[in-house]
1. Looking at Tyr602, Tyr538 in this structure, which one is among the hydroxyl-bearing types (Ser, Thr, Tyr) and either within 16 Å of ligand 2 (Cβ to nearest atom) or not assigned by TED's automatic domain parsing to the domain that holds Arg654 (or both)?
2. Looking at Phe458, Phe511, can you tell me which residue is of a type in the set (Phe, Trp, Tyr) and either touching a strand residue (DSSP E or B) at 6+ places or on another chain (Cβ under 6 Å) or under 30 Å from Thr680 (Cβ atoms) (or both)?
3. Looking at Glu603, is it of a type in the set (Asp, Glu) and assigned to a helix (DSSP H, G or I)?
4. Here are some conditions: (1) open to solvent by 10 Å² or more (accessible area, probe 1.4 Å); (2) closer than 15 Å to His652 by Cα; (3) of a type in the set (Val, Ile, Thr). Ile690 meets all but one. Which one does it not meet?
5. Here are Pro584, Pro647: which of them is away from ligand 2 (no atom under 16 Å from the Cβ), open to solvent by 70 Å² or more (accessible area, probe 1.4 Å) and in contact (Cβ under 8 Å) with a residue 60 or more places away in the chain?
6. Quick one: Glu229 ticks every box in (1) closer than 30 Å to Arg260 by Cβ; (2) open to solvent by 40 Å² or more (accessible area, probe 1.4 Å); (3) modelled with pLDDT of 85 or more; (4) over 41 Å from the mean Cα position of the chain (by Cα) bar one, so which box is it?
7. Applying the selection to the stretch 1-50, what residues are open to solvent by less than 30 Å² (accessible area, probe 1.4 Å) and assigned to a loop (DSSP other than H, G, I, E, B)?
8. Name the residues in the stretch 374-408 that are open to solvent by 20 Å² or more (accessible area, probe 1.4 Å), over 15 Å from Ala99 (Cα atoms) and not acidic (Asp, Glu), would you?
Amino acid sequence: MFADVILPLPLSNTFTYAVPTKMRDKIGKGYRVIVPFGKRKYYTAVVAAIHEKKPKTVETKEIYALIDHHPIVNEYQLKLWEWISFYYLSSLGDVYKAATPAKLRMESETCVELKNTEENDFPLTPTEKKITTYLQDKGEAKIAELEKNLKIKNVFSHIYRLTEKGIITTYETIERKYKPKTEKIISLNPEIDQKNIPELIGRAKKQKALYEQIISLLSQKNTPYISREEILKETKTSPAVLNGLIEKNILRQFSKEVSRIASEVEASRKPFPLSEHQQQAFDEICNGFADKNTCLLHGVTSSGKTEIYIHLIEKMLQEGKQTLYLVPEIALTTQLTQRLQAVFGNKLGIYHSKINDNERTEIWHKMLSDNPYEIIIGVRSSLFLPFARLGLIIVDEEHESSYKQQQIAPRYHARDTAIVLAHLMGAKTLLGSATPAIESFYNAKKGKYALATLTKRFEEVLMPKIIIENTKELRRKKKMKSILSPNLIDHIQQALDNEEQVILFRNRRGFAPRIECKLCAWTPKCRHCDVTLTYHKYRNELVCHYCNRAYPKPEECPACHEKSLEFIGQGTEQVEEEVSRLFPGTKVARMDTDTTHGKNAYERIISDFQNKKIRILVGTQMVSKGLDFDNVSVVGIIAADSLLNYPDFRSHERGFQLMMQASGRAGRRNKRGTVIIQTTQPELPIYRFIVENDYEGFYNMQLAERKIFKYPPFYRLISIELKDKNEQRAEAASHYFADMLRSLLQDNILLGPNKPVISKIRSYHIREILLKTENNLSASFIRKCIRQTEQRMREKREFRYVVLNYDVDPV
Ligand SMILES: [Zn+2]
Ligand SMILES: [Zn+2]
């Protein structure tokens, strides 16, 4: 018997191992096993298939150990992993790693142990002394631990020398990383007769007092046991007294597994009744699901989509099915979780990257148990949880690009993957947005998805009035005396006079996006990236936004040695400074990645704004996203041009979505809000569609352009990136790759290799190849050609280590 297993390594295939006789009736698909791989290394692998076909290769290794008594990954998950690996051109191992909490994948880690401490004559270096002292203390340690706790660089070489000197020894361990959390529990010893207790306690007065207190605690709580911690806290007795009673065998102490994730949240309300418009949309969705698997809910901002979702979740509960509620960012879970918990209590589980790995592991186990969460709210990785009875996936703000994993493989799109998962499990997918992605709206128009529409804001709040300010003209007439136009300044002043709040949006953080020498045009660039540096005033540093390296700000121009450096453009820091200058005494806050670093920093800003402690909030796109505030009457969008003027076929779509979403923050129950957009190009058609709140008009214009220029939804894109520290090699490899792929694919459109706008990041030179394929071309044919090209390239020695990344359906 053989098992094909998935290893947590970037390998494109599964590996086959022999199943030892003793495991044969215990092993199955989705079970975890420990297997040897490479030199003395062990990994936790997941069984993908069991069969009797003996591999043709020389020797098949045996599985070392079986971990589970039941599958830890279900059939649907394995199928989803395979699809992601195929479609997004990623290795199965990378999908496995992205999909599971790290604690489910124990790995062998080298352990170090002290061998000989007394009699060695070798003089030790200070570093070696540090290591041996640490080991004397701890007995043993892992290499990673030494590196971390002793802050020793290249600790391997020191360990190697200590091993040679015969002072330490190393071995491989397999450690079960996930440990259930336990608690010490105290109960009375039922084998001891009550009558004998006074005699056992004797003259120990404190023990006698404690014993009586414990009896009364137990009867008060009407429970057979109580936690040790609670006893000590309630009785304020020292542990020694309690230990005395345990030693005398009067009390018993044992360990009990407790949950890290248990919450005592009680549901406190029923779903609110839906308004007439909401009810209509709800019915449209239900009717849509009767014959389509996916439905798009196009509802303007503040139309009350969440309450519709709540009713759909309630419906799923009644049918005994689970719901997955996806949000694009952790930040949005905070506001939503409270709303959902109020209705669903502890049926709701939360899953995102800020909860720690132990908790993630516990949630995973709970989902496999007989009592799983009925509803999960989370970011894209919650797609990977082991659902058993999934009925509905809600993809809220489906147009958000943060649904796409960008940096590391698998570069999957959570919205598109959700649709595939729902299909595998016989569930439905609801996409919701005020500004749907062009692709999603196209699918709805074509009848691939059902479409439900909500055009009225909740409680008849009016859509905001949108004013386009021509800053070029204002500047020509010398009326722009600030970053903010006179009209925007007036509106802010009025809002402040009326005790209302203001949001100002600028999509660039820092103080000035660039500095430049007035005399010789010198401008500072990052040494590792092909990027100009942004000036951050509060740190007084120049920062590269691609690799985060910081540089001191020069006092004079290094090229012509004049004090002639000036700031070009304005970032959020400068807007904040300007607003504070214009409205002295007003509480202003800034929200961008620089101010939301710390734990809860984001939540603090949001709650201060909600509680009206902050009057004006300045921020990047963070302020535009799905947050609900009820006292904002003015939204200002500064330098809207910068949203549109970058070379990407989606720049106008993104700009439209951002401006519409930001506008959506304006408006109050009894008053129409105002949005002021500052631009130097007011003639662009996009602004007309924004002013008229005309999504469909904008969509039609975009669609016509996409058709002419061969972009999605008419064509599918795969972006291929090749990187190397040696520029010639990157160039040569990308030409080799492009030529080979071109010859295999023939008619399809392959662009490049090109030098991208930012052609060097973190010292790697980048080349890009863009593949545009017609929709009807087989996905597996395209992928076969790409894989074949990759293989040929790797056969060339000089290209073996060139970094190669695929981005399917890039956003
Ligand atoms: Zn200069
Ligand atoms: Zn850089």
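1. Numbers: Tyr602 fails: either within 16 Å of ligand 2 (Cβ to nearest atom) or not assigned by TED's automatic domain parsing to the domain that holds Arg654 (or both).
Sole residue among the options that is among the hydroxyl-bearing types (Ser, Thr, Tyr) and either within 16 Å of ligand 2 (Cβ to nearest atom) or not assigned by TED's automatic domain parsing to the domain that holds Arg654 (or both): Tyr538.
2. Values: Phe458 fails: either touching a strand residue (DSSP E or B) at 6+ places or on another chain (Cβ under 6 Å) or under 30 Å from Thr680 (Cβ atoms) (or both).
Going through Phe458, Phe511 in turn, the sole match is Phe511.
3. Details: of a type in the set (Asp, Glu): yes; assigned to a helix (DSSP H, G or I): yes.
It is true that Glu603 is of a type in the set (Asp, Glu) and assigned to a helix (DSSP H, G or I).
4. Failed condition: (1).
5. On the way: Pro584 fails: in contact (Cβ under 8 Å) with a residue 60 or more places away in the chain.
None of the others qualify; the one that does is Pro647.
6. The one condition Glu229 does not meet is (4).
7. Within the stretch 1-50, Leu7, Pro8, Val19, Pro20, Ile27, Gly28, Gly30 meet the criteria.
8. Those that are open to solvent by 20 Å² or more (accessible area, probe 1.4 Å), over 15 Å from Ala99 (Cα atoms) and not acidic (Asp, Glu): Ala388, Arg389, Ser401, Ser402, Gln406, Gln407.
The values are calculated or read from the model by the stated rules, or taken from the named source; none is laboratory data. In this text the structure is predicted, and so the values were computed from the model without any measurement. Here Cβ is always computed from backbone atoms with ideal geometry, including for glycine, and neighbour counts include all displayed protein chains. For the accessible areas, the whole protein counts, side chains as well, though only heavy atoms, and no ligand, DNA or RNA atoms are used. Shrake-Rupley method; radii C 1.70, N 1.55, O 1.52, S 1.80 Å.
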